[in-house]
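Notes for the one structure printed next.
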Amino acid sequence: MPDAPEVAGFPTPRQLPQLRWLGQDYVAVLVRDLTQGLRRQDAGTSVMGVHCESRPDLKASVDSRGMIRDHDAGFLLQVFVQDGSGRPWRLRGRWTYVGRDLGTATASITHYWELFSADGV
């Protein structure tokens, strides 16, 4: 099993209670989901580190009763990877979680990666 990547710059879950909808440890969830996505593109990818560059961009909307049902959380990241050929890369981009109908039977959480740059290091 590969070593866990080094993570830095993320506010603690305690500092962001509004991200409870992602689970008790949103950072672990994010790193797992990001790693799985990168490995779908290149099964040999190793994620060496993930650095959050700023406080996450959080957007919430409420239903007619004032309950938060929709939530977006965007993270500006630097991701350090080694591809399947052994080349190291620094990826810069935004990782976003999209939660819809939270707290209902039809709740869904999706995510996507927007790549800004990929630099060989």
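Coordinate-derived values only; no laboratory data. What you see is a predicted model; the values in this text were computed from it and never measured.
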Worksheet item: To the nearest 10 degrees, how steeply does helix 26-41 sit against the main Cα axis of the chain, on a 0 to 90 scale?
Response: 50 degrees
Worksheet item: What number, rounded to the nearest 500 deg cm²/dmol, is the helix-based mean residue ellipticity at 222 nm of the chain, given -39500 (n - 2.57) per DSSP H run of at least four residues and division by all its residues?
Response: -4500 deg cm²/dmol
Discussion item. Two decimals, Cα atoms only, Kirkwood Rh: what is Rg/Rh over the chain?
Written reply: 1.01
Fill in: Karplus (6.51, -1.76, 1.60) ³J(HN,Hα), θ = phi - 60°, over the stretch 11-23, in Hz, Gly and Pro reported as x
x, 5, x, 5, 6, 10, x, 5, 9, 4, 5, 8, x
Worksheet item: Considering the chain as a Gaussian network with a 10 Å cut-off on Cα pairs, which listed residue, 45, 96, 110, attains the greatest mean-square fluctuation?
Response: 110
